[in-house]
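Just below is one structure, and these are the notes that go with it.
The values are calculated or read from the model by the stated rules, or taken from the named source; none is laboratory data. Remember, predicted model here, so these are calculated numbers, not experimental data. Cβ sites come from the backbone with ideal geometry, for glycine too, and all protein chains shown count toward neighbours.
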Amino acid sequence: MKTTVTILLAMLLFSSCVNTWDSEVKDMFHQSCMEDAADKAISEKHAKAYCDCVLEKIMEKYPKYEDALARIDSISVDPKVQQCKEGNFK
């Protein structure tokens with residue numbers, strides 16, 4: 001997940017001039033997260049629920065995606081993000 005988030009947020013930094021979670025930025029995050037889940041053989045249903053949850057938690061904590069990018073290392077270990085994984089993969 002950390003690699004996916006790093007790549008995704010780097011892409012977002014260069015793909016959008018606006019520092020908000022607009023639909024394009026959210027779609028890019030979701031697509032990247034789903035691809036990462038597919039690489040790990042996670043079912044599409046669980047991957048979608050997980051990716052939706054992670055995106056929601058990240059957007060709540062970091063209303064500007066640039067702030068999320070600046071704190072990329074802490075996102076993958078954030079307790080709320082970890083709850084997403086625990087809730088979807090029990």
### Task
Report yes if LEU8 is of a type outside the set (D, E, K, R), in contact with a Cys (Cβ under 9 Å, 6 or more places away or on another chain) and at pLDDT 90 or above, otherwise no.
no
### Summary
The one condition ILE42 fails out of (1) within 12 Å of LYS85 (Cα to Cα); (2) part of a helix (DSSP H, G or I) is (2)
### Query
Mind checking which residues of the range 47-90 are assigned to a helix (DSSP H, G or I), in contact (Cβ under 8 Å) with a residue 40 or more places away in the chain and among the hydroxyl-bearing types (Ser, Thr, Tyr)?
TYR65
### Query
Residues in the range 18-25: is at least one in a loop (DSSP other than H, G, I, E, B) and at pLDDT below 80?
yes
